[in-house]
Amino acid sequence: MNQKVKVLTLKKNLNAQTSSEFQQAIAIILESGAEIVLLDCQNITFLDSSGLGTLVLAFKTLRDAGKKMVLCSINDQVRMIFELTSMTEIFEIFPSKDEFNQILLAKN
């Protein structure tokens, strides 16, 4: 995989209890010099407002640093939350990690 891409696989649902752990992971990735952060959401089955806020904060933090954050492998429930909150207009979402890699390779 491209060195400019850092994959962060979320192991558990994003909520008030897990958001600080997620923010720490984003801070570490920021320091790593990665240009694109791919959030693999295949293990996420639920996202509350706190989790959504954490994602938006991470997106803004990375964007302000000149980095890009994209998501892949979100399930139908999470996609519905994204659609209801218009987050699908903010986040670039790929069906799978493989599809992301194919598109990234095609661009380079």
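The values are calculated or read from the model by the stated rules, or taken from the named source; none is laboratory data. Worth saying up front: this structure is predicted, and the values here are computed from it rather than measured. We place every Cβ from the backbone using ideal geometry, glycine too, and count neighbours over all the protein chains shown.
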Helices (runs of 4 or more DSSP H) completely within the chain that count 2 or more residues being free of Cβ contacts under 8 Å to residues at least 12 places away in the same chain, surrounded by 13 or more Cβ atoms within 10 Å (Cβ to Cβ) and of a type in the set (Lys, Arg): none
Matching residues, region 51-97, being out of contact with any strand residue (DSSP E or B) (no Cβ under 8 Å at 6 or more places or on another chain), closer than 21 Å to Ile28 by Cβ and not acidic (Asp, Glu): Gly53, Val56, Leu57, Lys60, Thr61, Ala65, Gly66
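Residue by residue, here is whether (1) over 11 Å from the mean Cα position of the chain (by Cα); (2) over 30 Å from Ala106 (Cα atoms); (3) at pLDDT 95 or above holds:
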{"residue": "Gln3", "(1), (2), (3)": "yes, no, no"}
{"residue": "Leu8", "(1), (2), (3)": "no, no, yes"}
{"residue": "Asn13", "(1), (2), (3)": "yes, yes, no"}
{"residue": "Gly33", "(1), (2), (3)": "yes, no, no"}
{"residue": "Val70", "(1), (2), (3)": "no, no, yes"}
{"residue": "Met87", "(1), (2), (3)": "yes, no, no"}
{"residue": "Phe94", "(1), (2), (3)": "no, no, yes"}
